Amino acid sequence: MFFRLVIQEEPFSVQSETTRIRDFSDKIGGIVTFLGVVRDFNEGNDVQGLFLEHYPGMTEKQIEEIARAAGDRWNVLGITIIHRIGNLSPNDEIVFVGVGSAHRGEAFLACEYIMDYLKTNAAFWKKEESVHGSRWLVTRENDLKAANRWISGSVSSDNEVDN
């Protein structure tokens, strides 16, 4: 399985990353991507910026474990995860997850799984800037529920569709 992980301050190209996954193998029949962007409004606040930091070494290890678990659970051929750090503005891209597999069903499930665990299990810290000042964001209850459903079995490979 092809796996690419990048943590960077610079913007990235969604098209280039998608092409990189597609070019990895002729067996890839579907690519699912997720692109996260900075919102300009969050929990009642106008967002002016977002600062992201991580714990180098630990963050990469956690993300590698998430990708490996997705690869073990579904028949995926390629995974790319890019996460930005540093100062970002509204509409800036934060995260890209791309998953290539022979069939779309496995790619959709693996991509969703990776995002659910990135939101809850990867060592990133986010500080939101607004006209009211700054605040560190905490993991939301709905993000924890989304990740826990993979453990509880409410989402599984059995939910896949024929493709």
Subject >> Qualifying position, being of a type in the set (A, V, I, L, M), more than 18 Å from the chain's Cα centre (by Cα), at pLDDT below 95 and over 18 Å from ILE114 (Cβ atoms), among VAL38, VAL47 >> reply: VAL47
**OP:** Pull up segment 66-76, narrow it to residues that are over 13 Å from the mean Cα position of the chain (by Cα) and in a helix (DSSP H, G or I), then point me to the one that is nearest to THR18 (Cα to Cα).
**Re:** GLY71
**OP:** Please verify whether segment 13-25 includes one or more residues that are aromatic (Phe, Trp, Tyr) and part of a helix (DSSP H, G or I).
**Re:** yes
Subject >> Residue that is surrounded by the fewest Cβ atoms within 10 Å (Cβ to Cβ) [pool: residues in segment 97-108 that are of a type in the set (A, V, I, L, M, F, W, C) and under 18 Å from LYS27 (Cα atoms)] >> reply: ALA102
**OP:** Answer yes or no as to whether ILE63 is of a type in the set (Val, Ile, Thr), assigned to a strand (DSSP E or B), in contact (Cβ under 8 Å) with a residue 40 or more places away in the chain and under 16 Å from GLN8 (Cα atoms).
**Re:** no
Subject >> Lone qualifier among ILE7, ILE81, ILE28 - being in contact (Cβ under 8 Å) with a residue 60 or more places away in the chain and either of a type in the set (Lys, Arg) or assigned to a loop (DSSP other than H, G, I, E, B) (or both) >> reply: ILE28
**OP:** Look through THR33, THR19 and report the one residue that is more than 26 Å from TRP136 (Cβ to Cβ), within 17 Å of the chain's Cα centre (by Cα) and among the β-branched types (Val, Ile, Thr).
**Re:** THR33
Subject >> Count of segment 94-130 residues which are touching a Gly at 6+ places or on another chain (Cβ under 6 Å) and closer than 16 Å to GLU60 by Cβ >> reply: 1
Original post:
Mind checking which pairs have a first residue in segment 122-135 that is touching a residue at least 24 places away in the same chain (Cβ under 8 Å) and a second that is in a strand (DSSP E or B) and of a type in the set (Phe, Trp, Tyr), Cβ under 6 Å, 6 or more apart or different chains?
Top reply: LYS127/PHE51; LYS127/TRP136
Subject >> Near pairs, Cβ below 6 angstrom, 6+ apart or cross-chain, from segment 136-163 (more than 18 Å from ALA70 (Cα to Cα)) to any residue that is modelled with pLDDT of 85 or more and of a type outside the set (S, T, N, Q) >> reply: TRP136/LYS127; LEU137/LYS126; LEU137/GLU128; ASN163/HIS103; ASN163/ARG104; ASN163/GLY105
**OP:** Kindly indicate which of ILE94, ILE79 is β-branched (Val, Ile, Thr), surrounded by 20 or more Cβ atoms within 10 Å (Cβ to Cβ) and under 27 Å from ARG22 (Cα atoms).
**Re:** ILE79
Subject >> Given (1) surrounded by 16 or more Cβ atoms within 10 Å (Cβ to Cβ); (2) under 30 Å from HIS132 (Cα atoms), number of the condition PHE41 does not satisfy >> reply: (1)
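The values are calculated or read from the model by the stated rules, or taken from the named source; none is laboratory data. Model, not experiment: these values are computed from the prediction. Positions of Cβ are generated from backbone atoms using ideal geometry, with glycine treated the same way; all protein chains shown enter the neighbour counts.
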